[in-house]
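Colleague: My questions will all concern the structure given below.
The values are calculated or read from the model by the stated rules, or taken from the named source; none is laboratory data. Computed from a prediction, not measured in an experiment: that's the story for all the values here. In this analysis, Cβ positions are derived from the backbone assuming ideal geometry, glycine residues included, and neighbour counts consider all displayed protein chains.
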Amino acid sequence: MTALPIVETQSGDVSAYIPTNVISIIDGQIFLSADLFNAGIRPAINMGISVSRVGSAAQIKAMKQVTGKLKLELAQFAELEAFAQFSSDLDKATQNQLARGQRLRELLKQSQSAPLTVEEQIITIYTGTNGYLDSLEIEQEAIQEQMELFLLQEQVEKN
């Protein structure tokens with residue numbers, strides 16, 4: 001039997017009595033953020049405090065390899081994005097890291113009712129985290145078009 005407890009927090013405070021107790025007895029939690037939702041990021045999952053005790057044990061080896069780098073880059077991006085709000089004078093490396101983070105965020109968006117196969121997911125994440133999309137504009141349409149080309153090329157090479 002699977003139970004999915006849902007807890008509403010006061011202003012995102014997970015240290016209150018009920019959230020703390022629920023977190024202690026479940027195998028992980030997905031923390032949804034109103035700020036991310038209002039920024040148009042859906043699902044609005046706060047990856048900083050969302051955890052899974054199962055984690056990568058349920059993933060195939062290739063997915064584990066690409067998602068490790070993805071999680072690191074997205075965490076660094078979130079920190080830099082928060083810092084960049086207070087500074088307008090960013091060096092080129094920081095600007096590039098912010099741009100890649102924005103591309104990765106767009107890359108993870110998916111059309112409704114259009115799931116990707118595991119292989120397509122792995123290729124998508126790999127191309128995003130290894131700089132193959134760094135020359136593209138930061139908009140979902142351009143990134144999705146490029147990914148369709150990568151996936152089409154992969155399909156042709158298989159046949």
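Colleague: I'm trying to understand the selection: among the residues of the range 5-19, which are part of a loop (DSSP other than H, G, I, E, B) and surrounded by 13 or more Cβ atoms within 10 Å (Cβ to Cβ)?
Modeller: So in the range 5-19, the residues part of a loop (DSSP other than H, G, I, E, B) come out as 5-16.
Result: V7, T9, G12, V14.
Colleague: Let me ask something else about it. Is it true that L72 is at pLDDT 90 or above, loosely packed, with under 15 Cβ neighbours inside 10 Å and among the aliphatic types (A, V, I, L, M)? Let's see the steps before the verdict.
Modeller: Working: at pLDDT 90 or above: yes; loosely packed, with under 15 Cβ neighbours inside 10 Å: yes; among the aliphatic types (A, V, I, L, M): yes.
Answer is yes for this residue.
Colleague: Restricting the range 56-115 to residues that are touching a residue at least 40 places away in the same chain (Cβ under 8 Å) and not charged (D, E, K, R), which is farthest from Q144 (Cα to Cα)?
Modeller: Among those residues, the one meeting the criterion is I60.
Colleague: So if I check each of Q153, Q95, which one is at pLDDT 90 or above, among the polar types (S, T, N, Q) and part of a helix (DSSP H, G or I)? Don't jump to the end; show me each part of the working.
Modeller: Details: Q153 fails: at pLDDT 90 or above.
Sole residue among the options that is at pLDDT 90 or above, among the polar types (S, T, N, Q) and part of a helix (DSSP H, G or I): Q95.
Colleague: Touching a Pro at 6+ places or on another chain (Cβ under 6 Å), outside any loop (DSSP other than H, G, I, E, B) and not hydroxyl-bearing (S, T, Y), is that true of V22? Don't jump to the end; show me each part of the working.
Modeller: Working: touching a Pro at 6+ places or on another chain (Cβ under 6 Å): yes; outside any loop (DSSP other than H, G, I, E, B): yes; not hydroxyl-bearing (S, T, Y): yes.
Judged against the criteria, V22 is a match.
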